[in-house]
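A short worksheet on the structure shown next.
The values are calculated or read from the model by the stated rules, or taken from the named source; none is laboratory data. Fair warning: this is a prediction, and the values are worked out from it, not measured in the lab. Methodologically, a virtual Cβ is constructed for each residue, glycine included, from the backbone with ideal geometry; neighbour enumeration extends over all protein chains shown.
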Amino acid sequence: MTEGSRAMLDVPIADPKAGSMSAFGTSRKFRGVPARLLMATAFSVALSGCAGSPPNVQKSPSFAPEDTGTTFLAQRSKGLGDPGDGRSGIHMLVDGPEALGVRLVLSEKAERSIDAQYYLLHDDPTGHLFTWSLLEAADRGVRVRLLVDDMDTSSYDAMTAALSSHPNFDIRLFNPFARGLGKNIASAFDFRRVTRRMHNKSMTFDNQVTVVGGRNIGAEYFAARDDSNYDDLDLLAAGPVAREVSRSFDDYWNSPFAIPVADVVRNRDKKLSLGEARSRLSVLAEQARTTEYGDALTQGIRDALNSGDLVLDWVPATVMADPPEKADSRSDTTETLFAAMIPYFQSAQTELVVVSAYFVPGERGTEFLASLEERGVQVRILTNSLDSTDVTPVHGHYAHYRKDLLEAGVELWELRPDKARPDRELLGLGQSLSGLHSKAFTIDRHYLFIGSFNWDPRSVFINTEMGILLEDRESAQRAMANFDRALVDVAYRLRLGENGQIEWLARGKDGSWVAHRKEPSRSAWRKFMSGVYGILPIRSQL
């Protein structure tokens, strides 16, 4: 279950702290009402025949510009070692502030186009900085196309409508909800359509440089919150793979599911002019920049990009993405990201390592991972623990498969919520709790995938997903070396005890191991609710 289903079903998630004034309207709040989860599940069965279509509107197709070879970013890519042989330059973005800084600085450098595709765009300081950078680019004459899934946009309809009136700033909403009814009612009567969300995350500049990975636009994705932040992962990439991302973006942008904002939010009561939107956003972006976090955000990456000190590794890279048609519940497309992944999984000879924030393998997935172990492939899984997850129902269903996986020889690790935050420490911001949001896998330390795809039914069958597959042993081995070095200090290792029950091993600061014979959790209520969710018939939506 990804952020898509959890927001739709009103399961509580972290809500970023906003300033005293909201950029896009009233501040967004998620309220946890478990009864709504039951209602949505019941409606998914009772109303399975209600499969409406997105609005049928007239819109002009557009495509990424091809003639950008003389732009600053194109020339900088060449200066960073482009061999011109089809390989792409990549730089892994582990650090949260760096990941946001890259997006902001590249927005400053773009000359022709910015294409951004996100599942969530939060109304918080990071969202304000992000959106302001797009508006500034549009003011310079850069064509900006922003495609956002409609899961969480209705609270700032007035802002998106105002910005989309800019001649260089085009905004479309993917698979939008009907306005005026409320999301839960709209979901109930059009469940088969609106349950399908666009989970892709990419941002491409001048069709030359792109950022693809697991991060949405929100404070918790960039280590900007004081209480809890995600461990996440993106790839900065230049060269041919950036053009592949642009082609995927164009497919989504021109699909029937991408609806211009004006055709979704028409006749809304609260309206903003472009001038009013600009003024409001300018104030909030300045507030965000003058915080301790914002002040340190972009300087290092700007200097590296200008000086040429940014290091790119040039490797074979391929975009793997679902077609937008997957959002149509009536579509029988088999050309999905998961289908493209299967041959790689089946080819594993020595090792498969999966990092997945939301991990619900199901019976068939569990059997497949067990079969890999049977033929000598070491399988290791890192996912969230009960206290680090933000989606308790996912944990409740994942828990069903832990014992079978352990009995098959699969290594299971669960992230501890007290995992250190070096990205915050580097900026002098102090520590926070952590949760896993990364989605990655390696095969035989030869292939490395980074993207939006979780190992759960929703990513496989319902949401659209994307990522970049690297075929480079050096990159995969370097990533795995960092993974191996950190794992024992940040995660519980699960094992079966003498009585056959699961134990959680945690290594302390002194290097000793402590075995927990009951699932570690600071909340008895959360543990109880995980069990309750685990027996509900909602697995297909997770």
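If you scan segment 335-361, which residues turn out to be of a type in the set (D, E, K, R) and loosely packed, with under 12 Cβ neighbours inside 10 Å?
GLU335
Checking HIS437 against (1) in contact (Cβ under 8 Å) with a residue 40 or more places away in the chain; (2) in contact with a helix residue (DSSP H, G or I) (Cβ under 8 Å, 6 or more places away or on another chain); (3) over 18 Å from ARG215 (Cβ atoms); (4) not aliphatic (A, V, I, L, M), which single condition isn't satisfied?
If we test HIS437 against (1) in contact (Cβ under 8 Å) with a residue 40 or more places away in the chain; (2) in contact with a helix residue (DSSP H, G or I) (Cβ under 8 Å, 6 or more places away or on another chain); (3) over 18 Å from ARG215 (Cβ atoms); (4) not aliphatic (A, V, I, L, M), just (3) comes out false.
What residue, of THR126, THR131, is crowded, with 20+ Cβ neighbours inside 10 Å, over 17 Å from the mean Cα position of the chain (by Cα), of a type in the set (S, T, N, Q) and assigned to a helix (DSSP H, G or I)?
Step by step, each of THR126, THR131 is checked, and only THR131 is crowded, with 20+ Cβ neighbours inside 10 Å, over 17 Å from the mean Cα position of the chain (by Cα), of a type in the set (S, T, N, Q) and assigned to a helix (DSSP H, G or I).
Test LEU233 against the stated conditions and say whether it is assigned by TED's automatic domain parsing to the domain that holds ILE90, aliphatic (A, V, I, L, M) and out of contact with any strand residue (DSSP E or B) (no Cβ under 8 Å at 6 or more places or on another chain).
Here the answer is no, as LEU233 does not meet what is asked.
Answer yes or no: is there a residue in segment 421-434 that is over 29 Å from TYR293 (Cβ atoms), crowded, with 19+ Cβ neighbours inside 10 Å, over 20 Å from the mean Cα position of the chain (by Cα) and not charged (D, E, K, R). Write out each step before concluding.
Let us first name the residues in segment 421-434 that are over 29 Å from TYR293 (Cβ atoms), namely none.
No: segment 421-434 contains no residue that is over 29 Å from TYR293 (Cβ atoms), crowded, with 19+ Cβ neighbours inside 10 Å, over 20 Å from the mean Cα position of the chain (by Cα) and not charged (D, E, K, R).
Identify the single condition in (1) over 30 Å from ASP332 (Cβ atoms); (2) surrounded by 19 or more Cβ atoms within 10 Å (Cβ to Cβ) that LEU406 does not satisfy, given that it satisfies every other one.
So LEU406 meets the others, but not (2).
Considering only segment 207-227, state which residues are assigned to a loop (DSSP other than H, G, I, E, B) and touching a strand residue (DSSP E or B) at 6+ places or on another chain (Cβ under 6 Å). It would help to see each step written out before you state the result.
Going through segment 207-227, the residues assigned to a loop (DSSP other than H, G, I, E, B) turn out to be 207-208, 214-216, 218, 222-227.
Result: GLY214, ARG215, ASN216, ALA223.
I want to confirm something. Restricting to segment 228-239 and keeping residues that are assigned to a strand (DSSP E or B) and at pLDDT 95 or above, which single residue is surrounded by the fewest Cβ atoms within 10 Å (Cβ to Cβ)?
Applying the filter and picking the extreme gives LEU236.
Which of (1) surrounded by 23 or more Cβ atoms within 10 Å (Cβ to Cβ); (2) more than 16 Å from ILE381 (Cβ to Cβ); (3) over 19 Å from the mean Cα position of the chain (by Cα) is the odd one out, the single condition ILE443 does not satisfy?
(2)
Go through segment 334-424 and tell me which strands (runs of 3 or more DSSP E), entirely inside it, have 2 or more residues that are charged (D, E, K, R).
411-415
Is one or more of the residues making up segment 256-272 at pLDDT below 80, surrounded by 13 or more Cβ atoms within 10 Å (Cβ to Cβ) and outside any strand (DSSP E or B)?
yes
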